[in-house]
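No value in this document is a laboratory result; all are computed from the given coordinates. All figures in this text were calculated on a predicted structure; none of them were measured in a lab. Heads up, the Cβs are rebuilt from the backbone with ideal geometry, glycines too, and the neighbour counts pull from every protein chain shown.
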Amino acid sequence: MDIGAVLKAPFEDQDWLKKCLLMGVVNVLICFTVVGIFVGLPNLYGWGVACARNRIKGDSQIPEFGFGYIGLGYRLILSMLIYAVIAVVITLVVGAIGMLLGKIAGVLALVWMPVQLVVGLAIALVGLPMGYRFVVHDDMMAGIKIGWAISFIMANLGTVLMCFITIFICALIAGAMGIVPIVGGMFGLAIGMVWYGAAIAQLAKATNNA
């Protein structure tokens, strides 16, 4: 994994600023409407998948602004839906245990906090290969292949961890863009999707599209 290559990926397209700004601002603004969230977010997710697939094919250009990515976004969401439900249930159970321990003794809740952190990281880590599997293999059942995801992680542990760290760093940078008034957070969301796509493409390259 080349973190530098991922970070510079958006800037390889001379129209990166226009494309990211349009995708971020327009889709996030749409999400503020009653039905817009069912359009804006799936469109952004689909655009992120298109970014990844372009780079896997060797195309460094960011996909054009538009609403032609909605279907692809919904396919990604559906492919990950079962795992998302499982993740939410586990998170709620672990959180409930923490609250119960807190009522028994405050120190127990503090002791439990690292467990909650580890569980959260584990959920995100296992989810990474699933998202990768949808992008690379268009597998609509990616979200139920937990055993495959764990095997993929164990077989490519260093690479997957580097990809995970890279995506985390990119997410922090994208989130920090929210300090820019009005459009910062919207733009950060879009460029974050490009970074995610570049990281997935790097993972595909390192694992020979496994």
(message) Less than 15 Å Cβ to Cβ from Met23, Lys/Arg counted +1 and Asp/Glu -1: what total charge do the surrounding residues give?
(response) -1
(request) Report the residue, chosen from Leu157, Leu22, Leu117, that carries the largest GNM mean-square fluctuation when the chain is represented by alpha-carbon nodes joined by springs under 10 Å. (result) Leu117
(request) Quickly estimate the mean residue ellipticity at 222 nm for the chain, helices only: each DSSP H run with n ≥ 4 gives -39500 (n - 2.57), and the total goes over all residues, rounded to 500. (result) -26500 deg cm²/dmol
(request) Can you give me the P(r) profile for the chain? Cα pairs, bins 5 angstrom wide beginning at 0, each as a whole percent. (result) 1, 7, 14, 17, 18, 16, 12, 8, 4, 2, 1, 0
(message) Can you give the FRET efficiency to the nearest 0.05 for Trp148 and Lys57, using r as the Cβ-Cβ distance and R₀ = 30 Å?
(response) 0.80
(request) Have a look at Trp112, Trp195, Trp16 and tell me which one the Gaussian network model of the chain (Cα, springs below 10 Å) gives the largest fluctuation. (result) Trp112
(request) Express the relative contact order of the chain as a whole percentage, based on alpha carbon pairs under 8 Å and six or more residues apart in sequence. (result) 31
(request) Among Ile97, Ile77, Pro42, flag the residue with its Cα farthest along the positive direction of the charge dipole of the range 25-141, charges on Cβ as +1 for Lys/Arg and -1 for Asp/Glu. (result) Ile97
(message) Run the reach check for Lys19 against lysines, Cα to Cα strictly under 30 Å, same-chain hits fewer than 8 apart removed. What comes back?
(response) Lys8, Lys57, Lys205
(request) Please report the relative contact order for the range 10-129, taking Cα pairs under 8 Å with a sequence separation of at least 6, and give it as a percent rounded to a whole number. (result) 19
(request) Rounding to the nearest 20 debye, state how big the charge dipole of the chain is about its Cα centre with +1 on each Lys and Arg Cβ and -1 on each Asp and Glu Cβ. (result) 240
(request) Return the single residue from Lys18, Lys57, Lys145 with maximal mean-square fluctuation; model: Gaussian network over the chain, springs between Cα atoms under 10 Å. (result) Lys57
(message) Between Ile97 and Met141, how high is the FRET efficiency from 1/(1 + (r/R0)^6) when r is the Cβ-Cβ distance and R₀ = 41 Å? Nearest 0.05.
(response) 0.85
(message) Using a 7 Å offset from the Cα along the Cα-to-Cβ direction at both Ile169 and Phe32, what is the distance between the two label points in nm, to one decimal?
(response) 3.4
(message) Starting from the 7 Å offset along Cα-to-Cβ, what nm value, one decimal, do you get for the label separation of Leu17 and Val180?
(response) 0.9
(request) List Phe11, Phe65 from most exposed to least, where exposure is judged by having the fewest other Cβ atoms within 10 Å. (result) Phe11, Phe65
(message) Place a point 7 Å from the Cα of Asn209 along the Cα-to-Cβ direction; which residues of the range 112-136 have their backbone N under 14 Å from it?
(response) 133-136
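I want the local charge near Leu76. Using Cβ-Cβ distances under 15 Å, sum +1 for each Lys or Arg and -1 for each Asp or Glu among the other residues.
+2
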